[in-house]
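Have a look at the structure below before the remarks.
Read the figures in this text as sums done on the coordinates, not as results from a lab. Small disclaimer: the values here were computed from a predicted structure and weren't measured. Methodologically, a virtual Cβ is constructed for each residue, glycine included, from the backbone with ideal geometry; neighbour enumeration extends over all protein chains shown.
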Amino acid sequence: MVDRVLDAPINLYFDQTPTGRILNKFSKDLGVLDLNLIFISGTFYNSVYSLLAIIILSIIIVPWIALFFPIIFIIVMKLYRHSIDATKEVKRIESVTKSPLLAFLQETLSGTSTIRAFKKKEHFVENFHKLLNKNIVSLQWAEGVPFWFAVRIDTIATATMTVIALFCVLERNNIDPVFLALLLTYSLTVQSNTISSIRTAMTLEARMVNAERVLGLLKVPQENVEGELPLEEFKSENPEWPSQGLVEFQNVNLRYRPTTDIVLK
């Protein structure tokens with residue numbers, strides 16, 4: 001990431017990219033990849049394995065209950081696909097709204113003397129509050145979407161526990177009560193394991209936005225620095241190189257970037 005940024009051209013990258021966005025990729029995005037993803041992955045696998053153990057135990061003790069789990073799985077997957085798109089977009093909005101906030105704060109601190117000299121303190125405070133409010137709203141969205149999903153998962157988990165208890169009551173005369181008690185005990189953790197596995201899966205996929213933003217630096221245009229020689233070696237290999245500091249332009253059209261208009265002819 002450092003190499004790609006250091007070799008990026010001024011006009012094609014730094015003139016178009018806010019400083020806060022670059023700092024955000026080297027701070028929050030990298031922090032998520034280095035710390036959060038490892039913890040979330042461990043929690044996800046732990047919850048999934050516990051949930052699979054409950055399902056397998058339920059099927060072994062009461063085979064008829066296997067007819068109920070595919071229906072639950074289809075409903076959960078539909079809810080998951082409906083929620084994950086919103087979660088990913090909200091995470092992206094959160095990162096996008098944080099970059100201008102960091103850039104504005106840095107620029108304000110650098111120009112404090114000028115701001116005070118022209119008595120523009122209130123103006124900058126107001127603009128900072130606007131950027132901060134946008135970031136806070138995005139954080140509220142980021143918290144609201146998982147809770148919206150959790151309410152529906154709670155309902156499904158409660159229905160699953162009810163079905164398991166119902167099957168245990170119906171089969172009480174045909175199955176050893178010890179196994180039924182074991183099944184009921186494990187079924188009490190269905191709700192927590194289901195919510196944990198689904199929410200961590202959503203968080204894990206949503207955090208891939210940070211990985212996408214970091215990997216985006218690999219697409220940054222680069223200066224043509226390969227094969228460059230020190231000045232003395234370059235002069236020795238190019239004896240026709242001028243020895244005086246005189247530059248003459250003829251028939252030159254200048255533009256800032258390939259996509260902008262010509263500013264100098």
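Quick notes on this one:
- Placing +1 on the Cβ of every Lys and Arg and -1 on the Cβ of every Asp and Glu, with nothing else charged, gives the chain a dipole about its Cα centre of roughly 1240 debye.
- Among the trypsin sites (Lys or Arg not before Pro) within the stretch 134-182, those in coil by DSSP and having at most 16 neighbouring Cβ atoms inside 10 Å are Arg172.
- Relative contact order (percent, whole number), the chain, Cα cutoff 8 Å, 6+ residue spacing: 37 percent
- Rounded FRET efficiency, nearest 0.05, which uses the C-beta distance separating Leu218 from Val125 and R0 of 35 Å: 0.40
- Label reach from Glu89 (point 7 Å along Cα→C-beta): in the stretch 177-206, amide nitrogens under 17 Å belong to 206.
- The stretch between Ser110 and Val137, if pulled fully straight at 0.36 nm per residue, gains 7.0 nm over its current Cα-Cα span.
- Remark: the stretch 1-113 is approximated by an ellipsoid whose semi-axes, taken from the C-alpha gyration tensor as √(5λ), come to 47, 15, 13 Å, largest first.
- Inter-label distance for Gln16 and Phe73, nm, one decimal - labels placed 7 Å from Cα along Cα-to-Cβ: 4.6 nm
- Alpha-carbon centroid distance for the pair the stretch 82-145 / the stretch 31-55, whole angstrom: 31 Å
- Every pair of different Cα atoms in the chain enters the Kirkwood calculation, which places the hydrodynamic radius at 24.2 Å.
- Each helix, a run of at least 4 DSSP H residues, gives -39500 (n - 2.57); summed and divided by the residues of the chain, these come to -22500 deg cm²/dmol at 222 nm.
- Within the chain, the longest run free of exposed loop sites, counting chymotrypsin sites (Phe, Trp or Tyr not before Pro) that sit outside DSSP helix and strand states (H, G, I, E, B) and have at most 10 other Cβ atoms within 10 Å, spans 119-248.
- Of the GluC sites (Glu not before Pro) found in the stretch 116-223, those that fall in a DSSP loop while having at most 15 other beta-carbon atoms within 10 Å are Glu223.
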